[in-house]
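The values are calculated or read from the model by the stated rules, or taken from the named source; none is laboratory data. All values derive from a computational prediction rather than experimental measurement. Glycine also receives a Cβ, built like all others from the backbone with ideal geometry; neighbour counts cover every protein chain displayed.
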Amino acid sequence: MGWLWTWSGISFGYRVDDQLRTHDGRHVGNFVGEEVYGADGVYLGELASADRLITRLRKLGRFRLPFRPRMKRMGRTQRMARAARLMRPDWKDFPPPENL
């Protein structure tokens, strides 16, 4: 299990195998390699460094087969925010957990 933050430094949640989970235990995405797709199959973003999530604008609109989210797990204590990183051209911040 590895904790993840958005590019702007918001504590998002964690990765378990190929599942992306919010800090409150909701299964909101699946990893396909380094890319993350939501339950509806739509591209959400990707892992751009060891622990940061970001969305590449040119990949918006990509999709995979939808999936049925797994059962919610027990919530975990949200990690402290980290320093924001300089936004890359043609990218945007990964959606915060409360938006998924």
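Points to keep in mind about this one:
- Residues in region 24-38 that are closer than 16 Å to residue 70 by Cβ and either buried (at least 17 other Cβ atoms within 10 Å of the Cβ) or in contact with a Gly (Cβ under 6 Å, 6 or more places away or on another chain) (or both): 24, 25, 26, 27, 28, 29, 30, 36, 37, 38.
- For first residues located in region 58-85 and touching a residue at least 40 places away in the same chain (Cβ under 8 Å), partners that are in a loop (DSSP other than H, G, I, E, B) and of a type in the set (Ser, Thr, Tyr) and lie 6+ apart or on another chain with Cβ distances below 9 Å form the pairs 81/8; 84/8; 85/8; 85/49.
- For region 42-100, the set of residues classified as of a type in the set (S, T, N, Q) and either surrounded by 15 or more Cβ atoms within 10 Å (Cβ to Cβ) or touching a strand residue (DSSP E or B) at 6+ places or on another chain (Cβ under 6 Å) (or both) consists of 55, 78, listed by residue number.
- Any hit, region 38-46, residues being modelled with pLDDT of 95 or more, farther than 13 Å from residue 95 by Cα and within 10 Å of the chain's Cα centre (by Cα): no
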